[in-house]
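The values are calculated or read from the model by the stated rules, or taken from the named source; none is laboratory data. Keep in mind that what you see is a predicted model, and the values were worked out from it rather than measured. As a convention, Cβ positions derive from the backbone with ideal geometry for all residues, glycine included, and neighbour counts pool all protein chains shown. These area figures cover heavy atoms from the full protein model, side chains too; ligands, DNA and RNA do not enter into them. Shrake-Rupley method; radii C 1.70, N 1.55, O 1.52, S 1.80 Å.
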Amino acid sequence: MPKQQPSHIDIFLVQPHYLTAKVLNDFQQLISPQEQETIDRKRTDDAKRDALVTRGLVRTVLSRYSDISPSQWQFDKGWNGKPFIANSNESKSAESLEFNLSHAHHLIALAVTRGNVIGIDVEYTKRKSDTKKLAPRYFSASEVEALQSLPPQEQQTGFYDYWTLKESYIKACGDGLSVPLHLFSFDIQDRDNISLTFDEKRKDNSERWHNKLFTVNEQHKMAITIETPPSKQVNVAIHQLTPSGEFEPCELPLK
């Protein structure tokens, strides 16, 4: 039997407040009129900038995998609001591309892979949230117990470990927040082998999902969920967009 090729995921990270005016202007030339209308509806300048960067990033990155030019990509949304490529049939190299986006305070993340459904989530861990009240409301009993067993000073950061994983899963499966978060549980004691289990009310098979958790920096957590056979290895490469608009390989945590 031939050896399975690993599933490969590229993650592209951007800190939009560091980008130069030239990069922002370059992205401005790529977006569609409909995207511009969406950007214009944002209330603050920072929100408008981040929306522009998000759309310019997706277009620029996807063209690294295909002969479709950045300005020619077309997108649509599924019933659940999850965006997908609408013109992938125009190019053989674009047919199997899958992507997912997430953004938090001063961070945008884009995950790209081929042939596998994927979800990504990033969270700003320093925001003022009463995690001690939120965890029992949204998490499973085993997750709450694991979280409460942590030293008090670690519980807020630990909360976001579970939250990012849960968000990445519901984005990957496509059901969004229609899935009650307490109906599935993550065990993260072994960070290199995160396990996912389901309540009997949630009809899913944990063996079809692979999950990874990352500390991006002191202020951000990130998680990915990809649908892939349990025997298949998953490789992740992380890239950062520099202030001048170059993609460079990077390691986490970001400096």
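Here are a few things to note about the model shown:
- Boolean, residue 24 is in a loop (DSSP other than H, G, I, E, B), open to solvent by less than 50 Å² (accessible area, probe 1.4 Å), at pLDDT 95 or above and farther than 24 Å from residue 214 by Cβ: no
- Residues satisfying the stated conditions in segment 219-255, i.e. without any contact (Cβ under 8 Å) to a residue 60 or more places away in the chain and within 30 Å of residue 156 (Cβ to Cβ): 251, 252, 253, 255
Yes/no matrix, rows are residues, columns are (1) more than 30 Å from residue 128 (Cβ to Cβ); (2) in contact with a helix residue (DSSP H, G or I) (Cβ under 8 Å, 6 or more places away or on another chain); (3) of a type in the set (S, T, N, Q):
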| residue | (1), (2), (3) |
| --- | --- |
| 24 | no, yes, no |
| 43 | no, no, no |
| 57 | no, yes, no |
| 82 | no, yes, no |
| 103 | no, yes, no |
| 106 | no, yes, no |
| 109 | no, no, no |
| 116 | yes, no, yes |
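- Residue in segment 205-226 that is farther than 24 Å from residue 14 by Cα, among the acidic types (Asp, Glu) and out of contact with any helix residue (DSSP H, G or I) (no Cβ under 7 Å at 6 or more places or on another chain) present: yes
- Which listed residue is assigned to a loop (DSSP other than H, G, I, E, B) and hydrophobic (A, V, I, L, M, F, W, C), from 134, 150: 150
- Some residue of segment 88-105 being open to solvent by 20 Å² or more (accessible area, probe 1.4 Å), assigned to a loop (DSSP other than H, G, I, E, B) and not acidic (Asp, Glu): yes
- Scanning segment 67-87 for residues that are more than 18 Å from residue 119 (Cα to Cα) and open to solvent by 70 Å² or more (accessible area, probe 1.4 Å) gives 67, 72, 74.
- Segment 104-129 residues that are within 16 Å of residue 55 (Cα to Cα), paired with ones that are surrounded by fewer than 18 Cβ atoms within 10 Å (Cβ to Cβ) and modelled with pLDDT of 95 or more (beta carbon under 6 Å, 6 or more apart): 104/124; 106/17
- Residue check, residue 162 touching a strand residue (DSSP E or B) at 6+ places or on another chain (Cβ under 9 Å), open to solvent by less than 10 Å² (accessible area, probe 1.4 Å) and assigned to a helix (DSSP H, G or I): no
- Out of 59, 64, 43, 49, sole residue that is in a helix (DSSP H, G or I), open to solvent by 40 Å² or more (accessible area, probe 1.4 Å) and not polar (S, T, N, Q): 49
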